[in-house]
Amino acid sequence: MASDQATLSRPVSTVDPFSHEFLRDPYPHHEALREAGPVVWLEKYGIWTMARHQEVRDALTDWQTYCSSAGVGLSDFRKEPPWRPPSIILEADPPLHTRTRAVLTRILSPAAIKILRETFDREAELLIDRLVDRREFDGIADLAEAYPLKVFPDAVGLSEDGRENLLPYGSMVFNSFGPRNDLFDKATANAGPVRDWIMSKCSRAALAPGRLGMQIFDAVDAGELTENEAGMLVRSFLSAGIDTTVYGLGNALYCFAAYPEQWTILRENPALIRGAFEEVLRFEAPVQTFFRTTTKAVEVSGVRIGDGEKVLLFLAAANRDPRRWDKPDTFDVRRRATGHMTFGTGIHGCVGQAVARLETEAILTALAKRVASFELTGEPERRLNNTLRGFDRIPLRVVPV
Ligand code: OW7
């Protein structure tokens, strides 16, 4: 009887988290969802959502109850066919996930990242020198996109041709975690050729020796993966490795243009750069949401969630939960921002986070040497996406040191 009552009294919201209005300014909606209750029923989609830090964290940590193999978007792979073959790491549970994750954890280990640093630092300095000499540029196309599109495919071992397919593919992947709305339709309009190009780059024959991509194929020779699985994990690199860092770098530039005193603090103390990136991820999370699917009925803070239900986890709302953070709506590079949910946590916690940190630290360090301040020469324009939060254009002028 108690659980029936709990079900009857469940908090309900009519909001559409994938509408343009919500995506443009999600923060008031995040607050409303956090305050509505620990778990809230979203009428529009017939799903549950969690927006408080504690509940998001608990769900991400309990993979046995909140699984990934039914998809980490709105679509339930057990009820409708996925738009592409599922990822064997993101959209997988143990034991498959354990085996694939072990390979990528090794390939992206601290020792492996150390080898990349020299090249990433040099490329960052070259790019920033060119942009500072120009004074005015688009923070997105000329920096936030240009840098990851150079260093990451190089690190994976991709040839130069056709790299313009990488951003459209990422847009497709991240929009497809949401509903089949206008954003999804627009992103998947040219799906065929873009998908074909991506898949053509996932084979052993397409990859340079010794780089991250070929290291996945080395795991086939060691008996850890099949040849097909190796190709699917290269696809994971190309799906998860570009847009995430593009949006993260763009959000960092936006934060330092909007809060110039924070850039001054950083320039005066470059030791804060590492923590400043965590604060950007907390404050303007490039990845806003992921879903899980329940594997059994579960009671969360007095609310009963049934078996096989979709749960929308609001990473970005957890990042500004006043139950967890002091002055959550203040961008403060001195704060201890670790514990944010932007990289997730638990067994699916971002396996590439050291690469993301490497890229951002390289860029922020190069900027700190040469840029006294950033000025917006026009209004930044948002690029809406069902999962990612970021910009289409950030018109900038830099004042050199
Ligand atoms: C994949 C950022 C989360 C992702 C995102 C998109 C695709 C994949 C992984 O990680 O294909 O494994």
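The values are calculated or read from the model by the stated rules, or taken from the named source; none is laboratory data. All of these numbers come straight from a predicted model, not from anything done at the bench. A quick note on method: Cβ atoms are made from the backbone with ideal geometry, for glycine too, and the neighbour counts reach across all protein chains shown. Side chains included, ligands, DNA and RNA excluded: accessible areas come from the protein's heavy atoms. Shrake-Rupley method; radii C 1.70, N 1.55, O 1.52, S 1.80 Å.
Quick look at the numbers
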| item | result |
| --- | --- |
| Relative contact order %, the chain, counting alpha carbon pairs below 8 Å whose residues are six or more apart | 26 percent |
| Accessible carbon and sulfur surface of the chain relative to its total accessible area, %, 1.4 Å | 52 percent |
| Pairs beyond 30 Å (Cα-Cα), from 186/296; 150/310; 79/186; 44/186; 201/296; 186/327 | 186/296; 150/310; 201/296; 186/327 |
| Whole-number D in µm²/s for region 247-401 (Stokes-Einstein; Kirkwood sum over Cα pairs; 37 °C, 0.692 mPa s) | 193 µm²/s |
| Listed residues 350, 202 arranged by accessible area, highest first, probe 1.4 Å | 350, 202 |
| Volume per residue of the C-alpha convex hull in region 1-116, rounded to whole Å³ | 183 Å³ |
| Cleavage-rule hits (GluC sites (Glu not before Pro)) in region 14-103: DSSP loop, at most 10 neighbouring Cβ within 10 angstrom | none |
| Two-decimal Rg to Rh for region 39-180 - Kirkwood Rh, Cα set | 1.04 |
| Approximate shape of region 106-163 as ellipsoid semi-axes (Cα gyration tensor, √5λ), whole Å, largest first | 24, 14, 9 |
| Relative contact order computed over region 153-297 (Cα-Cα under 8 Å; 6+ residues apart), in percent | 24 percent |
| For region 167-317, diffusion coefficient by Stokes-Einstein and Kirkwood Rh (Cα), 4 °C, 1.567 mPa s, µm²/s | 69 µm²/s |
| For the chain, the spread of Cα positions along each principal axis, largest first, Å | 69, 52, 38 |
| Tail beyond 16 Å, pair distance distribution of region 212-276 (Cα, percent) | 62 percent |
